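The values are calculated or read from the model by the stated rules, or taken from the named source; none is laboratory data. Just so you know, these numbers come straight off a predicted model, no measurement behind them. Virtual Cβ from ideal backbone geometry, glycine too; neighbours counted across all protein chains shown. Just the protein is used for accessible areas: all its heavy atoms, side chains included, with ligands, DNA and RNA removed. Shrake-Rupley method; radii C 1.70, N 1.55, O 1.52, S 1.80 Å.
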Amino acid sequence: MYLFYSALLAAALLVSLPYWLYQMVRHGKYRVGFWQRFGSVPPHLAPSKQPTVWVHAVSVGEVLAVSGLIEQLRLRRPGYRIVVSTTTDTGQKLARDRMGVENVFYFPVDLGFAIRPYLEALRPQLLVIAETEFWPNFLRLAKRRGARIAVVNARISDRSWRGYKRLHWWLPKVIGQVDLFLAQTHEDQQRLIDIGVPESRVEVTGNLKFDLKPAQPPQVVANLRESFQTTGAGPILVCGSTADDEEERMLLQAFQSILASHPRAVMILAPRHPERFAAVAALLESLGIHFFRRSLWGGEALAGGVMLLDTIGELSAIYGLADIAFVGGSLVPKGGHNIIEPARHGVAIVVGNHTENFRDIIWLFQSHDAVRIVGPAELPLVLMELISNDAERKALGQRAAETLHSQAGASEKTVAALERLLGPANVARAAGQQP
C-alpha cells in the first residue's frame with residue numbers, strides 16, 4: 001500500500017504541476033523553500049550531537065498553538081535541540097519570528113527521497129505533530145529511524161472524521177506508528193478511537209490555544225489607537241479571517257448600515273488568505289467604500305472608513321482595538337475559525353452559523369453566553385444592538401475572557417506527557433538508534 005500511495009502522490013504532484021507553477025508566478029507562493037520541500041536540507045540543520053525534538057506545525061494556527069509548548073520544553077530540556085517545520089509561508093514567517101530562523105524549515109513532501117535527508121540530518125528522538133497531520137511515509141520512515149511520535153492538540157473535525165472513516169482499511173496501520181495522541185476534548189478522543197487508535201494511546205489534555213500568551217503588539221496597534229482617539233473614530237469593528245467575496249460583501253453591507261447612524265465607525269477587515277488582498281480591495285472600490293490598505297497607511301484619519309489589513313501577523317493584536325470582533329469563515333459554509341484571539345482581549349465576539357470546524361470551542365463559549373451566533377439576515381441587527389448597548393457588549397466580552405481563562409492548563413499536561421516519551425532528562429537515547 002505504501003508503494004501504491006507513493007506512486008499516487010507522485011502522479012498527483014506531476015499532474016498538478018501547472019497549478020503550482022501558476023501559483024509561484026502569479027502569487028509568489030511556494031517559491032521560498034521550494035527545494036527544502038523536496039529534500040534539500042538547509043545548512044542551518046547540520047547534524048548535531050544534541051538530542052533533537054522535531055515539531056511540525058502546518059500554518060499560523062498550529063505555530064501559535066505549539067509556541068508555548070516549545071518554550072516550556074526548552075526550559076525543561078535545555079540540552080535538547082528543538083526544530084520546527086511548517087507547510088505554509090505564513091506559518092514559516094511566524095515560526096522564524098518566534099523560534100529563530102536557525103531552528104525553522106519547510107516540511108518535505110511525503111515521499112521517501114524528500115523525507116530521508118531530514119531524518120538523516122536531524123535524527124529526531126521525538127516527533128511532535130500539531131493537530132492531525134497523518135502523512136503515511138513520514139510516520140513510517142520516522143518510526144523506522146527510532147523516533148517516538150506524538151500528536152498534540154489533536155482534533156478530528158466533522159469533515160475529517162467522515163474522510164478518515166472511509167480509509168478504515170488502511171488508516172489504523174498508518175496511525176499505528178504514533179505512540180501517543182493528546183486530544184483537545186473527550187469527543188476528539190472518542191473519534192480517534194473510532195478511526196483505529198488504541199484507547200491506551202489517547203489522552204485528553206485540552207486545547208493548547210487556550211494557554212497562549214499575547215505577543216508584544218506591533219507598533220501599528222499603538223498608532224491606530226492614537227489615530228482613533230485623536231479623530232474620535234468609533235465604534236471599531238474588526239472582522240478577521242474572512243473567507244470569500246460573499247462573506248465580505250455581507251459584512252461590508254452591514255457596515256454601511258452602521259455608518260448611517262455612526263458616521264465615524266471604522267471596520268478593520270482581514271481576509272484569511274494573503275492572495276485575496278487584491279480582490280478584497282477591488283470589492284471595496286466597487287462598493288464605493290472609503291478605505292486604506294494597511295501596507296500603505298501613513299497615519300491618515302480612518303473615521304468613517306475601512307482599513308484592509310493586508311499584512312501578516314498583526315490581526316491577533318489588532319483584535320484588542322475592537323469594540324466588536326467578527327470571526328470569519330462562518331457566514332458561509334467554510335466551517336469558521338478560532339475565536340480564542342479576540343476572547344483573549346475581552347472583546348465582544350460575533351460569528352456566523354457555520355462553525356463546525358471549531359464546534360467544541362463555540363459550544364463552550366455559547367454555554368457561557370460568551371459569543372453571539374448569527375445568520376446573514378440577523379448580522380446587521382445584532383451588530384447594531386451591541387453597538388447601542390454598552391453594558392451588554394462589555395459584559396459579553398468579559399464573559400469571553402473568563403471562559404478562556406477557565407480552560408487554561410493544556411500546556412502543562414502536554415509537556416508532562418511528552419516528557420514521559422522522552423524519558424529521564426539525564427538519559428538521552430542515542431539519536432536515530434533503533435528501539
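Things worth noting here:
- Solvent-accessible area of residue 22, all protein chains in place: 120 Å² (probe radius 1.4 Å, heavy atoms, ligands and nucleic acids excluded).
- Structural descriptor for the chain: relative contact order 14 percent, calculated from alpha carbon pairs under 8 angstrom and at least 6 residues apart.
- Nearest 10 degrees, 0 to 90: helix 17-27 Cα axis against the chain principal axis: 40 degrees
- For segment 142-204, the Kirkwood estimate of hydrodynamic radius, built from reciprocal distances between every pair of different alpha carbons, is 11.8 Å.
- Coordinate range along principal axes, alpha carbons of segment 1-151, Å, largest first: 46, 35, 28
- With the biggest extent put first, the Cα atoms of segment 105-209 measure 38, 29, 24 Å across the principal axes.
- C-alpha center-to-center spacing [segment 7-64, segment 370-409] in angstrom: 39 Å
- Mean separation of Cα pairs under 8 Å and 6 or more residues apart, divided by the residue count, gives segment 306-417 a relative contact order of 25 percent.
- Calculated on the alpha-carbon coordinates, the convex hull of segment 57-145 measures out at 94 cubic angstrom per residue.
- Computed over all pairs of different Cα atoms, the Kirkwood value for the hydrodynamic radius of segment 312-374 is 11.6 Å.
- Computed over the alpha-carbon atoms, segment 218-262 gives an Rg to Rh ratio of 1.06, Rh here being the Kirkwood radius from the mean inverse distance.
- Among the trypsin sites (Lys or Arg not before Pro) in segment 166-222, those placed in a DSSP loop whose Cβ has at most 11 other Cβ atoms within 10 Å are 166.
- Euclidean distance of C-alpha centroids, segment 333-366 and segment 245-324, integer Å: 20 Å
- Rounded tilt (10° steps) of 245-261 against the dominant C-alpha axis of the chain: 30 degrees
- When peptides 355-363, 71-79 are sorted by average Cβ neighbour count within 10 Å, with the highest value leading, the order is 355-363, 71-79.
- Nearest-ten-degree value, helix 410-422 long axis tilted from longest Cα axis of the chain: 10 degrees
- Figure note: 170, 135 ranked by solvent-accessible area, largest first, 1.4 Å probe, ligands and nucleic acids not counted: 135, 170.
- Accessible surface, 1.4 Å probe, highest first, among residues 262, 168: 168, 262
- Apportionment of accessible area to carbon and sulfur, the chain, percent (1.4 Å): 56 percent
- The sum of -39500 (n - 2.57) across all DSSP H runs of n ≥ 4, divided by the residue count of the chain, sets its helix-only mean residue ellipticity at 222 nm to -13500 deg cm²/dmol.
- For the chain, Kirkwood radius (reciprocal of mean inverse C-alpha pair distance, Å): 23.1 Å
- Choice from 21, 252, 224 with maximal GNM fluctuation in the chain (Cα, 10 Å cutoff): 21
- Of the listed residues 413, 213, 49, the order by accessible area with a 1.4 Å probe, largest first, is 49, 213, 413.
- The tail of the calculated P(r) for segment 263-324, taken as Cα-Cα distances beyond 15 Å, holds 50 percent of the pairs.
- Think of a 1.4 Å ball rolled over the protein heavy atoms: the chain then has 44 Å² of accessible area per residue.
- Rg over Rh, two decimals, segment 290-435 (C-alpha only, Kirkwood Rh): 1.13
- Estimated at 0.36 nm per residue, the fully extended path between residue 37 and residue 416 surpasses their Cα-Cα distance by 133.3 nm.
- Per-residue SASA entry for residue 101, accessible area with 1.4 Å probe, Å² rounded to 10: 80 Å²
- When nucleic acids and ligands are ignored and a 1.4 Å probe is applied, residue 246 ends up with an accessible area of around 110 Å².
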